[in-house]
1. Does A:Q2 satisfy the condition of being at pLDDT below 95 and within 14 Å of chain B (Cβ to nearest Cβ)?
2. Looking at B:D101, is it over 17 Å from A:L100 (Cα atoms), in a loop (DSSP other than H, G, I, E, B) and within 13 Å of chain A (Cβ to nearest Cβ)?
3. All but one of (1) touching a residue at least 24 places away in the same chain (Cβ under 8 Å); (2) within 14 Å of chain B (Cβ to nearest Cβ) hold for A:L74, so report the exception by its number.
4. Kindly provide the set of residues from the stretch A:30-68 that are within 11 Å of chain B (Cβ to nearest Cβ), part of a strand (DSSP E or B) and of a type in the set (D, E, K, R), ordered by number.
5. Among the residues of the stretch B:1-44, which ones are outside any loop (DSSP other than H, G, I, E, B), closer than 18 Å to B:F74 by Cα and acidic (D, E)?
6. Anything in the stretch A:20-29 that is more than 27 Å from A:V110 (Cα to Cα) and within 14 Å of chain B (Cβ to nearest Cβ)? List them, or say none.
7. Only one residue in A:S27, A:S71 is within 15 Å of the chain's Cα centre (by Cα) and either outside any helix (DSSP H, G or I) or exposed (fewer than 12 other Cβ atoms within 10 Å of the Cβ) (or both), so which one is that?
8. Output the strands (runs of 3 or more DSSP E) that fall wholly within the stretch B:45-92 and possess 1 or more residues being over 13 Å from the mean Cα position of the chain (by Cα), within 11 Å of chain A (Cβ to nearest Cβ) and surrounded by 13 or more Cβ atoms within 10 Å (Cβ to Cβ), or say none.
Amino acid sequence: GQNIDQPTEMTATEGAIVQINCTYQTSGFNGLFWYQQHAGEAPTFLSYNVLDGLEEKGRFSSFLSRSKGYSYLLLKELQMKDSASYLCAVRSLSGGYNKLIFGAGTRLAVHP
Amino acid sequence: DTGVSQNPRHKITKRGQNVTFRCDPISEHNRLYWYRQTLGQGPEFLTYFQNEAQLEKSRLLSDRFSAERPKGSFSTLEIQRTEQGDSAMYLCASRHGGEGDEQFFGPGTRLTVL
């Protein structure tokens, strides 16, 4: 079956660093995405990993280990506007087509 | 604004009624996806179009659900004989088709079935 696990909630302080972990067990792994979703809004793309290692993009970095079925999203210099849900999504190749399988999301609360 | 639009943004209906939602993807994107999202959960895949062809449907998509993309541009999702369990946010996403291309999501249609 397909399974993606990430913590339900996290809290952090403005200016700090937070790491959101994601573990997955999926067939046909073909890449991992992180999306940010503010309450009542659509998900917006943050990062994509298909090979092992770290991808850095400004204050956001994402890491992937395919052998461990593990990824994390690292957010640095946290700002209040980073309070949102962070969705880990695995792209799975099945039946010749790719589709995204999302985790339930991690709700991050940033406080002063 | 990602460039993907959905209408209506909100829909309240009575159980048993039919509803139809529309999605307009980014114009050069040939791939279009529908998802359903309930509170506290991530989006769940419903169906996928490449151009006008519907290539995959989730088992979540019962006989009451049908989706079309007649000219390979906009898409519609219809739910017949709505049930209270259909209440959710229905999200549409599109992407261009390159290997690493991300999906761009629309703002969603929030359906409430009374």
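The values are calculated or read from the model by the stated rules, or taken from the named source; none is laboratory data. It should be emphasised that the depicted structure is a prediction, and the values quoted were computed from it without experimental measurement. FYI the Cβ positions are ideal-geometry reconstructions off the backbone, even for glycines, and counts take in every protein chain you see.
1. Against the criterion (at pLDDT below 95 and within 14 Å of chain B (Cβ to nearest Cβ)), A:Q2 qualifies.
2. It is false that B:D101 is over 17 Å from A:L100 (Cα atoms), in a loop (DSSP other than H, G, I, E, B) and within 13 Å of chain A (Cβ to nearest Cβ).
3. Here A:L74 meets the rest and fails (2).
4. Hit for the stretch A:30-68 is A:E55, nothing else.
5. Selection gives B:D24 alone.
6. If the condition is that a residue be more than 27 Å from A:V110 (Cα to Cα) and within 14 Å of chain B (Cβ to nearest Cβ), then A:T26, A:G28, A:F29 are the ones that fit.
7. Among A:S27, A:S71, only A:S71 is within 15 Å of the chain's Cα centre (by Cα) and either outside any helix (DSSP H, G or I) or exposed (fewer than 12 other Cβ atoms within 10 Å of the Cβ) (or both).
8. By residue number, B:53-57.
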